[in-house]
Each structure stands twice: as structure tokens, then as C-alpha cells.
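Bear in mind that the values in this text are calculations on the coordinates, not laboratory data. Just so you know, these numbers come straight off a predicted model, no measurement behind them. Because the Cβ atoms are built from the backbone with ideal geometry, glycine has one as well, and the counts that use them run over all protein chains shown.
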Amino acid sequence: MIVQTLDFLPPIVDDPHDYGRVAALNSINDVWAMAGTPITAMEITFFPATGVDPAILTEITCGGHETLANHGIALIGGHSIDNEQIMFGYVVTGIIDPSRLATNSGACAGDVVILTKPIGTGVISTGIRFRKTSEDVALGSIETMLIAGNHAADLMREFNVKGATDVTGFALVGHAWEMARASRVTMEIDSSRVPVLTGALELAANGMLTGGDKTNREYVGEDIEIAESVSKEMRNLLFDPQTAGGMLISVSEEHAEELLERLILKYPEAEIIGRVFERGQHSIVVK
């Protein structure tokens, strides 16, 4: 079975080489989230013809190509366009064994929900833009974004996971909502167990929110119940758009602990963050 995805994004970190690497992983993760194996990629580049040093574009593409090569993905072409706003990403083609396919409609009542990476990249990137993020916090966010999803994909195939998605622009809550809706279940998230990047809560408290915060709240609408005990800052992070975020995996309770133990070897902050129930009043319940 062949699958194909497309994703690109504006610069979210200062270093152009890191930006290229993050953009590449952000694109490839869509295939890994289906338990697939990426095989080829086509580059998408938006870059101004004048006013920006062309060496920056060289650094961006080198970062992206390095990431593709590291994961055995062949670059077979692409397209570039003169554009004032820099954008970079890839169309990625992958192959999947249909009997091992994971989708966002595969969550089942009784499953346990695992998140492989901490959230908070959106507010940290906003803080970087406004010079409010410390170097250590920025570095921690970049290091997390650069952890590839291939090991999670390998384990999803091994454990025959049927329900999964990657957490990106629609935030943790938005992608969990999509999974719950598609699977016709209710997903309960324990906010106290959701891993959070160092510094993210403080940046959220200081108003370093993206435009996606409001958009994601509108996207989910009223189909969510959030306990009053969940702090405002944590609510903001739950709706915070992520880049190259973690995998949200729905797995049977029988295999959850073993899968988590295996995931932690590559994703040290992976955590069980919730459970799946028969469909209730809301698709998402946050406690």
C-alpha cells in the first residue's frame, strides 16, 4: 500500500540548518504516524528572490537533505517559488503493510493512550520570535522536535497498533479530538500526566501564544469537557500547535506498559496520558 503526504512550515527556529531538519521531520512524521516506511520525498521551497542571503536557503536545504539521507529517503525532485514568506517542507511517499496500518479511526474503548513527546513547541517558538525564550528552553524544544518518529512506527507495527496520529498544528487536543471523532469514542486525557517542555508553562502564562490557540479552540468547539481544576496555562498548552510533535498512540491495555517501556528507550518523556471509553457526551474529556 502506498501513501503520500505533504507538509511545509515557516521558520520556527533561528538556525536555518535546524529549521530544515525540523521541517523535514515534520513532513516525514505523517508517514510514520500511520506505521509506514517513508521511501521518497519531493522538496517544497518558498524563498524571496531578493533581500535574503541565498546562503540561508543553502543551509535550510542542507538540513532537510541531511535528515532525508539519515532515514534512507530518496530526494527525487521538488519545486521552488519566489515568495516573501519563507516556507519549507516535503511531499513524502511511503509504503505500508495494509495489515499493519494505523489510522486516527482505530482507537477502541478500553485502549490506553500514550504520547511520545512533550508539548509546548508553539509557545516556545513564539517566545523565540519575541526574544522571550531562554537559550536553554529553546535548545530543549529543538532537541525534542528533532527526535524522529521512526522508532515509534517500528513499535506500532510490532504491537499491531491500529489507532495513532502525530500531534502537529491542531495541538494535542485537536488531534485527540479528530481521533475520538473518527473512532466514535470518548478519549479522556489526564492533564497532570501530559509531558510538557521546560519553560512552556511560564511562556504561556506570559502570553506567548500562537494564532493557532484560538483557531484550535474553535476547531474543537463545544465537543470537549475540561475540568475547572485544569489551569489556564495548561489549557493553553493543550491547544498549542506543535511542530514535529509526538505520536499519539491508542493501544490495548494489555500491551500498554510494555509498549511504553520500549518507547521510553528512544522517547524518554513518553507517558500514558489517558484512556478510551465508549462514546459519551463529549469526544474529549480533560481532567
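Below is a table of values for the structure above.
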read-out	value
Positive-end residue of I124, T5, A182, charge dipole of the chain with Cβ unit charges	A182
Nonlocal amide H pairs with V196, under 5 Å, H built at 1.01 Å	I119
Point-charge dipole on Cβ atoms (K/R +1, D/E -1) for segment 22-169, about Cα centre, debye to 20	360
By average C-beta atoms within 10 angstrom, highest first, the peptides 245-252, 197-204, 64-71	245-252, 197-204, 64-71
Exceeding the 29 Å Cα-Cα cut-off - candidates K162/K232; K232/K266; K132/K232; K132/K162; K214/K287	K162/K232; K232/K266; K132/K162
DSSP beta bridges in segment 102-286 [antiparallel fraction, %, rounded to 5]	70
DSSP-defined antiparallel bridges as percent of all bridges, segment 2-99, nearest 5	70
Segment 188-287: C-alpha gyration tensor shape, a/c 1.5 cut-off, then a/b vs b/c	oblate
Total charge dipole magnitude, the chain, about the Cα centre, Cβ charges on Lys, Arg, Asp, Glu only, Debye to nearest 20	400
Calculated P(r) of the chain - Cα pairs past 35 Å, %	14
Point-to-point label distance, D97-N160, nm (Cα→Cβ direction, 7 Å offset)	1.1
